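What follows is a single structure, written as structure tokens, with notes after it.
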Amino acid sequence: MYKQWGTVSMKKVRSAVSYIVPSVIIAKGNSGGPVLDEKYRVVAVASRGAKSLSAAGNTDSDSYGAIYITHIKKLLS
């Protein structure tokens, strides 16, 4: 398990999908993992990850992000 605290640093839309970009890096391999708020509610699902946490300093914010859970719910309904 991997846990890191952060905030939402950016919101963006890419190919009609609403993403958040957290202030902490999402590493490759975490896709499908939950992004939780301070009350441990799922607010997003990791979908794009940086190649590694060690390379995070050389990674731009377009390399990682999470899809809002509301967008996923809308697709499922």
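The values are calculated or read from the model by the stated rules, or taken from the named source; none is laboratory data. What you see is a predicted model; the values in this text were computed from it and never measured. When the accessible area is computed, the model is the full protein with side chains, heavy atoms only, and any ligands, DNA or RNA have been set aside. Shrake-Rupley method; radii C 1.70, N 1.55, O 1.52, S 1.80 Å.
The table below lists the values:
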quantity: Within straight-line cross-link reach of Lys74, lysines at Cα separation under 22 Å, skipping those fewer than 8 residues along the same chain; calculated: Lys11, Lys12
quantity: Computed lengthening from Val17 to Lys51, 0.36 nm per intervening residue step minus Cα-Cα distance; calculated: 10.1 nm
quantity: Arg48 - accessible surface, heavy atoms, 1.4 Å probe, Å² rounded to 10; calculated: 70 Å²
